[in-house]
1. Give me the pairs: first residue in the range 297-316 and under 29 Å from Ser48 (Cα atoms), second residue basic (Lys, Arg) and surrounded by 24 or more Cβ atoms within 10 Å (Cβ to Cβ), beta-carbon distance under 7 Å, and six or more apart or on different chains, which are they?
2. For Ala246, work out the one condition from (1) in a loop (DSSP other than H, G, I, E, B); (2) hydrophobic (A, V, I, L, M, F, W, C); (3) at pLDDT 80 or above it doesn't fulfil.
3. Is it the case that the range 97-104 has a residue that's touching a Pro at 6+ places or on another chain (Cβ under 7 Å), crowded, with 16+ Cβ neighbours inside 10 Å and closer than 23 Å to Ala35 by Cα?
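The values are calculated or read from the model by the stated rules, or taken from the named source; none is laboratory data. The structure displayed is predicted, hence computed values, not measured ones. Don't worry about glycine lacking a Cβ; one is built from the backbone with ideal geometry, like all the others, and counts go over all protein chains shown.
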Amino acid sequence: MRVASDRPQLAQTGSLGLAGTLRLGLFQGCLGCLAVIFAGMLNRVMISELGFPALWVGGALAFEQFVAPARVLVGQVSDGYPLAGRHRLPYIWLGSLAFCGLAVLSIPLIFQVAALLQADDSSRLAGGVLALCGLFAAYGLAISLASTPYLALVIDRTTEQERPRAVGIIWCLLTVGIVVGAISIAIGLRSLDGVRDPALLEPALLGFMLRVAAVVLLLTLVATLGMEPPARRSSGRSQASSRDDAITLRQSWALVTSSRQVLVFFLFLVLFTLALFLQDPILESYGADVFGMPIAATASLNALWGIGTLAGLLLAGLWIVPRLGKLATARLGCQLILASLLLLLVSGMVAQIPLLRIVMVLFGLAAGIGTNSALVLMLDLTLPEAAGTFVGVWGLAQAMSRALGKVIGGGLLDLGRWLQQLFPLPPGPFPPYALVLGVEALVALVALAVLSRVNLRQFREDTGRSLSKVLALEIG
């Protein structure tokens, strides 16, 4: 096996600096903006305005994350096969172009499925639902194609000492994107308050999505252009075969499964993300059905959550993590998320909109504190020699839990409504939503238990030994 110093690394250009980090973070802001539109606006329209069953909505949206195993492959391809001499930027640009186009196409397809639902055409309706699932799956593949190389680029361009600050700034911009997206919905679609006619909703939503897609593509170019120099070439050898992280998919799987700590942290990321997003597919419908809020007002819930998250990210990065440490801050974040979910239940019991808004800010604060520490842990538990592989694995954990959250959240809502018809449960829209939030609180409790088994030192020792072994093996 060659010594590490003999193998060329990804081309690095030193510290990003504050200006470079802010510019690169614009891409994360774009992803946050699109996330709130898909997870907030579209699911609310499908459930509350178009009458889709919540399980259909959650299941269709979940296909965005069901394709998450592709993140590991994308990480490997990005590591080993440069396009136009670069390992990251071409993949980011291709993925961005694809997900923006698919976002626009989602609007007419949703309304076509709604028309089939109203016509009670079961045979064509099944095809429409499958097409909707396929579109969201393709959207998820495009997001994976762009975001996995993007996170690997962040690792390529930062040292271990610089990384916590860069992570804090970039994820703050993700949250800013969520806030901007929510505000854009509230302003751009305020004329639709109380409108349920598909003939009026479709053109307004399509025009809105076209404008968003155009801005996202422009900002992606601004954020990433010039951020990656051409990959260094080595004479007589392919770049893929001479790089530290040029390990095969089979070797990657051996590396990941050889360490118990990798699997423990993978499980924690699944549960932590599930505890944050199980209510994701039903939150805006919660505001609509339990609190009687219009589209623009329910969009503001995401803005409040985003503002709280931004404050939590900054508070954790600048004050809590340096004083308590990453693991202790992650525990605090899980505890605060659990408390916030219980308060979200209380707000529904009393159906007071001001209380709901306060709770959403607190929930965002808890999410920001937990997310900052979890992200820094995630990047610390990433070997630079296999950055694309590990980023793909961690991205897979988060995406799987987002998918499960959409399916389980929508399914629990439908289950709650069904149980309400079978048993003498309290009337009204609140009990089915209470079932969703109650299960989510239990998940947060389990995430706390799993976190106690994460050991940073043991991870580094185990995976370091494993990497040396898999690179030494001749695996066909």
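1. Thr298/Arg44
2. Just one mismatch for Ala246, condition (3).
3. no
One line per residue, one yes/no per condition, for (1) touching a Pro at 6+ places or on another chain (Cβ under 8 Å); (2) of a type in the set (S, T, N, Q); (3) in contact (Cβ under 8 Å) with a residue 12 or more places away in the chain; (4) over 22 Å from Val154 (Cα atoms):
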{"position": "Pro69", "(1), (2), (3), (4)": "no, no, yes, no"}
{"position": "Val77", "(1), (2), (3), (4)": "no, no, yes, no"}
{"position": "Tyr91", "(1), (2), (3), (4)": "yes, no, yes, no"}
{"position": "Pro108", "(1), (2), (3), (4)": "no, no, yes, yes"}
{"position": "Phe111", "(1), (2), (3), (4)": "yes, no, yes, yes"}
{"position": "Ala114", "(1), (2), (3), (4)": "yes, no, yes, yes"}
{"position": "Asp121", "(1), (2), (3), (4)": "no, no, no, yes"}
